[in-house]
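Visitor: Below is a structure I'd like to ask you about.
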Amino acid sequence: MRVRAGIFFVALVVLMVATFEDAAAMVSPWMDPRLLYVPAALIVAGLLFHAQVPPRLPENPVWYGVLGALAIAVAAAPFVAYPYLNLAAEPLLLIVVVLVMLRLKPRIGYLYQSGLVPGFLTFLTFSALLWQSHSIVGSLGAVGVTHPMIERLPGLANLAAAAIVVAIFITASGIRHRSLQLNPSRSWLTMGLVLYIAGATATHFPAYAPYGRYALVAAHVLLFVGAFYLLSHLLPRRAADEMA
C-alpha cells in the first residue's frame, strides 16, 4: 500500500505543479517556480490524509507503473529538448490520475451518508478548472490544428473546448449517475467558482487586473481541492442511480 500511495502522491504533486502555470507566472518575479513543489506537496499530502485515499487506492500495479512513467516524463519535460513530450505527457497524466480516482474504494464510515453528485455545479467548476489547468487550444495549435476564429478569441475558445471535454467526461464516466459520500467538495467548488468569476471579471479592468490574477490563482487552488474531494468520494454505480 505504501508504494502505491507514494507513487500516487508523487504523480499528483507533479500534475498539480505542471497545471498551475498561473501560479508559476505569479511567483516567478520573486522565486524559482520549481519551489512550488513544496506547497503542492503539502496540499496533496493534506488531501490524501484527510480523504483517507491511500488504503482505498486500486490494487492493479499497472496503474502505478503508468503513473510513475508519466510523472517522470512531465517533471523532466522542461529539461528535455523535445517539445512534444510535455504536450502529450501532461494530459495523459491528468487522464490516468482521474481514472485511478474513479476506481477508489468507498470510504469506510461514510457508506450510508451520501447524496447525489451536483451535476451542473460539477460541469461549471470542472470546466473552469480545466480551462485554468491546460490550454487545449494551445495544444491543438502546437500540432497545427487552428482556425482564424480561435486565434481571435483564444481565451473563449479554450473555455469552450474545456466545457466540451468536461461534458464528454461527465457523460462517459457516468458520475452524474453515481452517489457521493459525505465530503466538503460542494463548498470548495462553490467558493472556487465565485472567486473565478470575480477574478475573471476583474481582469477586464486595468486598475483591478493584478488583483483579478491573484483571485484566479486562488480560485484555481479551491477548484483543485473541490474536484479532488468530489472524485475521491464517489460511490460505485448502482442500477437505482441509473434510473434516477
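The values are calculated or read from the model by the stated rules, or taken from the named source; none is laboratory data. Remember, it's a predicted structure, so these values are computed and weren't measured experimentally. All Cβ positions, glycine included, derive from the backbone under ideal geometry; neighbour counts span all protein chains shown.
Visitor: Restricting segment 14-44 to residues that are of a type outside the set (G, A, S) and closer than 20 Å to A69 by Cβ, which is surrounded by the fewest Cβ atoms within 10 Å (Cβ to Cβ)? Lay out the reasoning, then the answer.
Guide: Within segment 14-44, the first condition is being of a type outside the set (G, A, S), and the residues that meet it are 14-17, 19-22, 26-27, 29-39, 42-44.
Checking which are closer than 20 Å to A69 by Cβ leaves us with 14-17, 19, 37, 44.
Working: V14: 26, L15: 25, M16: 24, V17: 23, T19: 21, Y37: 14, V44: 23.
Residue satisfying both the conditions and the ranking: Y37.
Visitor: I would also like to ask the following. For segment 30-42, check the following and say yes or no: at least one residue is in contact (Cβ under 8 Å) with a residue 12 or more places away in the chain and among the acidic types (D, E).
Guide: No, the conditions are met nowhere in segment 30-42.
Visitor: Within segment 210-236, which residues are among the small types (G, A, S), in a helix (DSSP H, G or I) and either crowded, with 21+ Cβ neighbours inside 10 Å or within 15 Å of the chain's Cα centre (by Cα) (or both)? Step through it out loud before you land on a result.
Guide: Step one: list which residues in segment 210-236 are among the small types (G, A, S), which gives 212, 215, 218-219, 226-227, 232.
Still in the running and in a helix (DSSP H, G or I): 212, 215, 218-219, 226-227.
Passing the criteria: A215, A218, A219, G226, A227.
Visitor: Still on this model: Tell me, which residue of segment 78-105 that is modelled with pLDDT under 90 and more than 19 Å from the chain's Cα centre (by Cα) is surrounded by the fewest Cβ atoms within 10 Å (Cβ to Cβ)?
Guide: By that ranking, first place goes to A81.
Visitor: Which of the numbered conditions does A207 fail, given that it passes all the others? Conditions: (1) surrounded by fewer than 15 Cβ atoms within 10 Å (Cβ to Cβ); (2) at pLDDT 95 or above.
Guide: (2)
Visitor: Where residues in segment 15-29 are in contact (Cβ under 8 Å) with a residue 60 or more places away in the chain and more than 17 Å from F228 (Cβ to Cβ), which of them is nearest to the chain's Cα centre (by Cα)? Let's see the steps before the verdict.
Guide: As a first pass, look at segment 15-29 and keep what is in contact (Cβ under 8 Å) with a residue 60 or more places away in the chain: 15-16, 18-20, 22-23, 26.
Narrowing further to those that are more than 17 Å from F228 (Cβ to Cβ): 22, 26.
On the way: D22: 14, M26: 19 Å.
Among those residues, the one meeting the criterion is D22.
Visitor: Ok, one more. Please specify each residue of segment 30-61 satisfying the condition of being charged (D, E, K, R) and within 21 Å of the chain's Cα centre (by Cα). Reasoning before the result, please.
Guide: First, pick out the residues of segment 30-61 that are charged (D, E, K, R): 32, 34, 56, 59.
R34, R56 - these are the residues of segment 30-61 that are charged (D, E, K, R) and within 21 Å of the chain's Cα centre (by Cα).
Visitor: Restricting attention to segment 1-13, and to residues there that are surrounded by fewer than 18 Cβ atoms within 10 Å (Cβ to Cβ) and of a type in the set (G, A, S), which single residue is nearest to N60 (Cα to Cα)?
Guide: Only one residue fits best here, namely A5.
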